[in-house]
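Structure record follows, encoded as structure tokens.
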Amino acid sequence: MNTIRVILPAHLRTLARIDGEVNLELGGQVTQHSVLNALETRYPMLRGTIRDQVTQQRRPFIRFFACGQDLSHEPPDAPLPDAITNGEEPFLIVGAMAGG
């Protein structure tokens, strides 16, 4: 089992009634998909807020970061970096900013 640290944007923490970061226990390969599945299982009120429930595609103004890299356009089943898997670094879900 791996303990994965997840940091959510403030509006999703409020929705899920979470203070601080989330720790998820995951077995097997750690991917964006497995992290989001575990997150939505533990906090069902987040279903549909981060990714579309039918297509499983990331919502347009949500971004994923790990180890200082934007992973938003990586395949959802690609393994996350070892620093995420072993809990050294958090997996960040960020509400993207738009405008000009």
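The values are calculated or read from the model by the stated rules, or taken from the named source; none is laboratory data. Keep in mind that what you see is a predicted model, and the values were worked out from it rather than measured. All Cβ positions, glycine included, derive from the backbone under ideal geometry; neighbour counts span all protein chains shown. Just so you know, the surface numbers come from the protein's heavy atoms only, side chains and all, with ligands and any DNA or RNA stripped out. Shrake-Rupley method; radii C 1.70, N 1.55, O 1.52, S 1.80 Å.
Data table
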quantity	calculated
Principal axes of the stretch 1-42: Cα extent on each, largest first, Å	29, 15, 14
Modelled label reach - His11, point 7 Å along Cα→Cβ, the stretch 61-100 residues with backbone N closer than 11 Å	61-62, 95-98
For the chain, accessible area per residue (1.4 Å probe, heavy atoms of protein chains only), Å²	58 Å²
With every protein chain in place, the chain: carbon and sulfur % of accessible area (1.4 Å)	52 percent
Check: the stretch 3-46 dipole with +1 on Lys, Arg Cβ and -1 on Asp, Glu Cβ, in debye	60 debye
Label selected from [x] -0.69, -0.97; [y] -0.55, -0.91; [z] -0.75, -1.01, the criterion being log10 I(q)/I(0) by the Debye sum over Cα atoms at q = 0.15, 0.19 Å⁻¹ as computed here	[y]
Relative contact order of the stretch 3-100, defined on C-alpha pairs under 8 angstrom at six or more residues apart (%)	36 percent
Relative contact order (%) - criterion: Cα under 8 Å, at least six apart; region: the stretch 35-77	18 percent
Efficiency of FRET from Cβ geometry, Met97 and Asn2, R₀ 22 Å, rounded to 0.05	0.10
Neighbour net charge for Pro90 - beta-carbon separation under 12 angstrom, K R +1, D E -1	-2
Which of Val6, Val35, Gly48, positive extreme of dipole for the stretch 1-48 (C-beta unit charges)	Gly48
About the Cα centre, charge dipole magnitude for the chain (Lys/Arg +1, Asp/Glu -1 at Cβ), debye	440 debye
